[in-house]
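Heads up: the structure comes next, in structure tokens.
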Amino acid sequence: MKFSYNWISEFIDGLEPSAESLERIITIKTAECEGVDSFGRGLAGAVSAEVESVEPIEGSKNVKATVLTNLYGRKTVVCGAPNCRTGLHAVYVPVAPKTVGGIVSDGMLASESDLGVSNDHAGIIELTDNERLPALDHVIEIDNKSITHRPDLWGHHGMAREVAAITAKLLREPANLSLLPEAGGPVKIEIEDTSLCLRYSALVFENVTVRRSPLWLRARLTSIGLNPINNIVDLTNYIMAELAQPMHAFDREKLHGDTIFARPAREGESIIALNDETYELSPSNVVIADASGPIAIAGVIGGRDSAISATTTTIVLESASFQASSVRKTSSALKLRTDASMRFEKAQDPHNTVRALARAIELLEELSPGIRLVGGLADSGREIPVPAPIQLDLDWLARKLGCTLESPRVRAILESLEFKVSDDFTVTIPSWRATKDVATPEDLVEEVGRMIGYDSIEPKAPEVACAPSYDPPEREFLRRVKRTIAAQGFTEVSNYSFISEEDARRFGLAVEDHVRVLNPIAAGQELMRTSLLPGIHRNIVENAKHFDSFRLFETGREIHKQKNAKPEEVTHLMAAIYSKDDGRAALLELKRTAECLVPGISVRPTEPRPWEHPARCAAIYLGDVEVGRLSELHPSLVESGRAAVIDLDLDRIPRSIDARYIPIRKFPSSAFDLSLIAGVRELAGVLENQVRDFAGEHTESVEYVREYQGPPLPAGKKSVTFRILAGAPDRTLTTADITAVRERILNGFLALGYESRE
Amino acid sequence: MQDFVDSALARIHAATTADELESVRVEVLGRKGVIADLSKDMGKLAPAERAERGKFINTAKQALESAWEGRKSGFERVALAARLDAEWLDLTVPAPGRKPGSLHPITQIQWEIEDLFRSLGFAVLDGPEVETEHHNFDALNIPADHPARDMQDTFWLEGGHLLRTHTSPVQVRGMEKLGPPLRMIAPGRVFRNESVDASHEHTFYQLEGMMIDRNVSVGNLIYFMKTLLGAIFHREVTVRLRPGFFPFVEPGFELDIRCLICGGDGCPVCKQSGWVELLPCGLVNPKVLRASGIDPAEWNGFAFGLGLTRLVMMRYAIGDIRWLQSGDLRFLGQF
Ligand SMILES: [Zn+2]
């Protein structure tokens, strides 16, 4: 929202701070300003002037004009505008004299663009008699987000109230309520639901002249970003920007019947709005209607068919108040945000409707001379609730702020903001702060705090009990995992939680298993990931453009759809090694990394997934729980080189391992090697488990040593060597004991049809 | 006899290789050597002669052994020196093997701040990324149709859930789980439905903080923020509070710090204002406490939200937010 400095200063006599200081003051005390710009640079020194005579200049389109200025006396100027003529009331700007075609031009007659009040440079400005000139202005832009809770700050008068309170000045009231006629208008108002339309007030004017607004009004609207249209529409916008009360004018002749209805739209109704768009309406939209149907979408936009036109002579001026959430719903459903809807959705003060009408009566006399009120004030609505006063405990207030406060100071602050404060500090909320903004003592903490200035509060350490903090074990676990894997040469990446349907299909993940984003930001981000793989795969492909080998990992949440419940979030770790060799080393290296992360895991054969190399994949187990997968990506997914990946479900891994000391054996152990002949695709891990099973008593450990293929072994066979360590806690084993272990293993395998390589 | 000893000594001294020396040793001092032979014959001699011969043999043996040892260690020294010299290595060649990887800059800053808060007795909590409307909005005093919802463009999911737009729902979960008094932070990934450009991301990281106790004041909040930010930036910082509107706090503030680049004189970073907007904070709205089952008559507190992503960009002077989610090792390898 843009604020004109001149406009604010119209309400405060003797406003001292400049626009720049005002910007700082407002930022610190009220709302965030985003900057100050000057408006109408050419207006510095501009005065009105009458063109007394015009003489042509030979061989030139320019004319030589003699003008009588309001301040600088009589001047001769050379003017190129086609509308420069004798008797014209123009705007004179005292620029430095210059010679044009041999004639000294002392100053200039300005177009709107010369003054910087619009882009219009078609001709010089034509003023009507006695029309006042606007002045050079400054525009302060306020961040809309910082005033969403302040319906009153959506108009200049509301902001002026803040400025007056901060600078300890008096605030002038722009509306004169005594101008309002008696009740009993020439139109009837029928509100179907007063919780949706809280109040509807209207006046009818006749003998209206629709024309261009005077320069000062057009300049003012332009300065705050509104487009001037005609005097009637400009009036409604002006009052909206001044009092935060949106208004609308209907052409009385184009209304059917003399009753105005405020009601939910009927099923199937539609309206062509002022922006020429057609809106299909539903009963959740409140409309203003006449006997034939909707004439406006309540609080959002007027209808085209009843709009003010050049031929309008009688108008109905609406000033109403609508339920904030209803306007907001309608505006977002129709995707139509207007200056009116933006204000109504902040919950405007229903008292304000008639104030705006009173202001209109006064302004219309200037904007449309000869205009006449028809009948009295039409005003309908529910009784406006009186907000409950707040009992303010000054000790409590001081404790909340953390500073000492004198009661006269607190009273002065609240009264400057037009709160009424009784002797015992019962605080009455002004109506414009009562709709949504102020209701609790905490709200008054803010009012007092910002006015005394938070910088006057001494920083103070809180006095709280000393206690160890709750420490969820998964956080330390995740840290250990990340630190460990980074130390193994893996660099952490972070990928989006969104994937595309195409991603899901590429990796053989069922699209319907994914939680769908209803309003994705872009195509390709419509599903929530159920695996970190699509992101990691993208990282592999992208980084392969720059590196011959690399390692990376991500920890993040998989989002899994649940029937009739909130999706489940599972924290996974996925790590990848990319290389341009045969890929063996990478897979084993990933296995080693997994063993560093989760001591005690084992690897078991598994069915390949669609994205896996079918002969290079395995499931990772911790005990009997499957905790992840180890595999090479299918060659079709990696253009050159190979990528091995490991995927661990971190939620299935114990957060901490309880270590316990086992006494070191006092008696020496004995080791022996044993080689078995097996088929080349038999799994060493399976054989090792069998060795362990057969070895039985006195076996301390079984360790894989090596394997061998080639002569003298027959083709299709390999020899696998294990080292068995045998011992006992209470004695040194005899040769017979050790031989027994060996025999048990050999016999076990012989029984299964294996031979040993002795 | 003495001549033999003298010539043996001379041969020991004259040996030019370890092998030559060894052959002299075997010949003279070996088990079948000359000295051993002399000793063998001793039994045949008369006692007086025997004593004299024994003395002579011992003296000769000692002299020969000592000469031999001296010569032998000389050879060893030379051999060792030669070996050491042959083992010359160029240690300026690059070390083989893999360099350690690195943690994402977000992780690094997040941990740093977590540690800071843990040292102040704060719990570090985690919350879901998929939230209910209740936890993300309603319990934080942002009912449906509240204009504040416009500030946070929301990703909606099928099934009526949403992606959390801030880490504030973890406040609610923390209050529900732990109750008062409470000191907690909640770092995490948040989502806003915004187009991505150099300074906007739909996926970024926040750190939410909250302290609930008896009689927590605005003065406490200012103290805390000053202390915390001083620790984050490793120097004294000047902070200021100004009004800011966030429905879950009342009063609510925007906290600015005096520009660390120009010290407050004005520069492009602070848009010439001397101040940099850093974080929203405020006293927890009693409605939020009540929604989480905490009695606002007894307890109150403050809450704040820190933009981790923003802090990372400030700390490392990263100009484009998109690098953080790029997965590009040319970028990530720098941290
Ligand atoms: Zn600066």
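The values are calculated or read from the model by the stated rules, or taken from the named source; none is laboratory data. None of the values given here were measured: they were computed from a predicted structure. All Cβ positions, even for glycine, are placed from backbone atoms using ideal geometry, and neighbour counts span all protein chains on display. The area values use the complete protein model at the heavy-atom level, side chains included, leaving out ligands, DNA and RNA. Shrake-Rupley method; radii C 1.70, N 1.55, O 1.52, S 1.80 Å.
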Select from region A:510-539 all residues whose loss of accessible area on going from the chain by itself to the full protein assembly reaches 50 Å² or more (probe 1.4 Å).
A:Leu518, A:Asn519, A:Ile521
Summed side-chain charge close to A:Gly453 - residues other than A:Gly453 whose Cβ falls under 10 Å, Lys, Arg +1, Asp, Glu -1:
+3
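Would you list B:Thr132, A:Thr128 from the most to the least accessible area, probe 1.4 Å? Show your work: numbers first, answer last.
Values: B:Thr132 35, A:Thr128 85 Å².
Largest to smallest exposure gives the sequence A:Thr128, B:Thr132.
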No partner Cβ under 4.7 angstrom, meaning no disulfide-compatible partner by this rule: which Cys of chain B qualify?
B:Cys281
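When the accessible area of chain A is computed with all protein chains present and a 1.4 Å probe, what percentage of it is carbon and sulfur? The partial results should precede the final answer.
Details: 17220 of 34620 Å².
Of the solvent-accessible surface of chain A, carbon and sulfur hold 50 percent.
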With a 28 Å threshold on alpha-carbon distance, the violating pairs from A:Lys2/A:Lys335; A:Lys2/A:Lys75; A:Lys545/A:Lys566; A:Lys566/B:Lys287; A:Lys400/B:Lys226 are A:Lys2/A:Lys75; A:Lys545/A:Lys566
As a percent rounded to 5, the proportion of antiparallel DSSP bridges among beta bridges in the protein assembly as shown is 95
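Using the Cα centre of region A:670-756 as the reference point, and only Cβ charges (+1 on K/R, -1 on D/E), how large is the resulting charge dipole? Debye, rounded to the nearest 20. Provide the component values of the computation, followed by the final result.
Numbers: 9 positive and 12 negative charges, 59 e Å.
Result for region A:670-756 is approximately 280 debye, rounded to the nearest 20.
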CD proxy, 222 nm, chain B: helix-only mean residue ellipticity via -39,500 (n - 2.57) per DSSP H run with n ≥ 4, per residue, nearest 500, stands at -12500 deg cm²/dmol
The answer for the net charge of residues other than A:Lys718 whose Cβ lies under 12 angstrom from its Cβ, with Lys and Arg +1 and Asp and Glu -1, is +2
List the trypsin sites (Lys or Arg not before Pro) within region B:1-37 that fall in a DSSP loop (any state other than H, G, I, E or B) and whose Cβ has at most 10 other Cβ atoms within 10 Å.
B:Arg31, B:Lys32
Based on alpha-carbon atoms only, what is the radius of gyration of the protein assembly as shown relative to the globular estimate 2.2 N^0.38 Å?
1.43
Between A:Arg480 and B:Cys262, Cβ-based FRET efficiency (R0 35 Å, step 0.05) works out to 0.25
Determine the total buried accessible area between chain B and chain A, counting protein heavy atoms only with a 1.4 Å probe; round to the nearest 100 Å².
7200
Losing no less than 50 Å² of accessible area (probe 1.4 Å) relative to the isolated chain, the residues of region B:96-130 are B:Arg98, B:Gly101, B:Leu103, B:Trp111, B:Arg118, B:Asp126, B:Glu129, B:Val130
Net charge dipole size for region A:473-652 [Lys, Arg +1 and Asp, Glu -1 on Cβ; Debye, nearest 20]
280
When Lys and Arg each count +1 and Asp and Glu each count -1, what net charge do the other residues less than 15 Å away from A:Lys545, Cβ to Cβ, add up to?
-1
Heavy atoms only, probe 1.4 Å: what % of the accessible area of chain B goes to carbon and sulfur, would you let me know?
53
At a 1.4 Å probe, which residues in region B:295-335 are at least 10 Å² less accessible with all protein chains present than in their chain isolated?
B:Asn300, B:Gln325, B:Ser326, B:Gly327, B:Asp328, B:Leu329, B:Arg330, B:Leu332
Highest-fluctuation residue, B:Arg235, B:Arg83, B:Arg192 considered, GNM on chain B with Cα pairs under 10 Å
B:Arg83
Taking the Cα centre of the protein assembly as shown as the origin and placing charges on Cβ (Lys, Arg +1; Asp, Glu -1), which of B:Val172, A:Ile620, B:Cys267 is farthest toward the positive end of the dipole?
A:Ile620
Round to a whole angstrom and tell me the spacing of the C-alpha centers of region A:688-749 and region A:371-432.
90
Give me the accessible area per residue for chain B, probe 1.4 Å, as a whole number in Å².
46
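Roughly how many debye, to the nearest 20, is the charge dipole of region B:1-148 about its Cα centre, given +1 on each Lys and Arg Cβ, -1 on each Asp and Glu Cβ, and no other charges? Mind showing how you got there, number by number?
On the way: 17 positive and 25 negative charges, 423 e Å.
In debye, rounded to 20, region B:1-148 gives about 2040.
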So which GluC sites (Glu not before Pro) in region A:1-86 end up in coil per DSSP with only 10 or fewer other C-beta atoms within 10 Å?
A:Glu58
Loop sites in region A:661-748: chymotrypsin sites (Phe, Trp or Tyr not before Pro), DSSP, at most 14 other Cβ within 10 Å
A:Tyr661
Most fluctuating of B:Glu133, B:Glu201, B:Glu87 in the GNM of chain B (C-alpha, under 10 Å) is B:Glu87
Just how far, in whole angstrom, is region A:109-179 from region A:633-656 if you go by their alpha carbon centroids?
64
Where the centroid of each part is defined by its Cα atoms, how far is region A:1-67 from region B:115-137 in Å?
51
Counting heavy atoms of the protein chains only and a 1.4 Å probe, report the per residue accessible area for region A:393-474 as a whole number of Å².
50
With chain B treated as a Gaussian network of Cα nodes joined by springs under 10 Å, which of B:Pro180, B:Pro105, B:Pro268 yields the largest mean-square fluctuation?
B:Pro268
Note down, for region A:42-115, the three equivalent ellipsoid semi-axes (square root of 5 times each alpha carbon gyration tensor eigenvalue), biggest first, whole angstrom.
18, 13, 12
What percent does the relative contact order of region A:670-756 come to when contacts are Cα pairs within less than 8 Å and at least six residues apart?
40
